[in-house]
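See below for the structure under consideration.
Read-outs throughout are calculated quantities, based only on the coordinates presented, and are distinct from any laboratory measurement. Note that this is a predicted model, so its numbers are computed, not measured. Don't worry about glycine lacking a Cβ; one is built from the backbone with ideal geometry, like all the others, and counts go over all protein chains shown.
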Amino acid sequence: MSLEANLALIKERIKRSCIKSNRNQNDVKIIAVTKYVDVDQTKEVLDLGLEHLGENRVQNALPKYEKLQGRGFWHFIGRLQSKKVKQILGKFDYIHSLDRLSLAEEIDKRAKQLGIKVKCFVQVNISKEETKTGVEPENLLDFIKEVSKFDSIQLVGLMTMAPYVEDKELTRPIFRKLRELLEQINDQNILDYKLTELSMGMSNDFEVAIEEGATFIRIGSLLLK
Ligand SMILES: *Cc1c(COP(=O)(O)O)cnc(C)c1O
């Protein structure tokens, strides 16, 4: 199938999930995860009108970023090594994988040098799979309080990954928990601003994530394979 046909199908499914959960379709944004494809296909994605791109490896993403002259909004969605932070700041618009204070410190330091604020999601490890990274839910509020001291980091929301399962319903408690954590942070005024974004849902489970409140879904294989 063509990219265009894949996108049309995904949009139709997003629409259905929004209707089912009484949500506004404009509140769900697609991040096209272009980590699987080359610069030409990434350009096709942009030409189709998708504005948000997701990449998980600095060394693969930067050559594409340069060739595409920074078109679109770039989301860093993979595990981020502190030593690579300086390569992506000023280029990537969002970091979805803030998961430790040492990383926050490095982002803050480099952002100050550039005179910018960096939009970050805190990644939360709800499924507790060994292979998944992220802050443990029970440490999240303290972590957010600590990160709020870094004034060049602007927290926008929370991100999580659910395990791949055949029965997508099994992912629902994970996405619901992420939304509840966001509400808790806002209700308790942990920050002096509100978190608004939930980055959750991938090709296998985005419909359940939308029903539970996702504002950014990260779609790779369904769009590009
Ligand atoms: C690869 C990746 C995705 C996209 O996964 P698909 O199943 O291909 O849609 C989403 N989020 C993260 C963090 C990823 O690494």
Here the gain from full extension of Ser21 to Gln81, 0.36 nm per residue of separation minus their alpha-carbon distance, amounts to 17.9 nm
Note to self, the chain gives a 222 nm [θ] from helices alone (DSSP H runs n ≥ 4, -39500 (n - 2.57) apiece, / all residues, nearest 500) of -11500 deg cm²/dmol
XL table Lys67/Lys177; Lys43/Lys177; Lys29/Lys194; Lys64/Lys109; Lys29/Lys117; Lys15/Lys194; Cα-Cα > 30 Å flagged, in table order, is Lys67/Lys177; Lys43/Lys177
Residue separation between Lys11 and Glu136 times 0.36 nm, minus their alpha-carbon distance, gives in nm 41.7 nm
Mean-square fluctuation maximum in Gaussian network of the chain, Cα pairs under 10 Å, restricted to Lys29, Lys15, Lys83, hits Lys83
Check: C-alpha center segment 187-210 vs C-alpha center segment 37-109, spacing in Å is 20
Computed over the Cα atoms of segment 136-218, the Rg and Dmax in Å are 13.3, 42
Once normalised by the length of the chain, the mean sequence separation of its alpha carbon contacts under 8 Å that are 6 or more apart gives a contact order in percent of 21
Two pseudo-spin positions, 7 Å from Cα along C-beta at Gln59 and at Glu183, lie apart in nanometres by 4.4
Checked segment 3-219 against the a/c 1.5 cut and the a/b vs b/c comparison, axes a ≥ b ≥ c from its Cα gyration tensor; verdict oblate
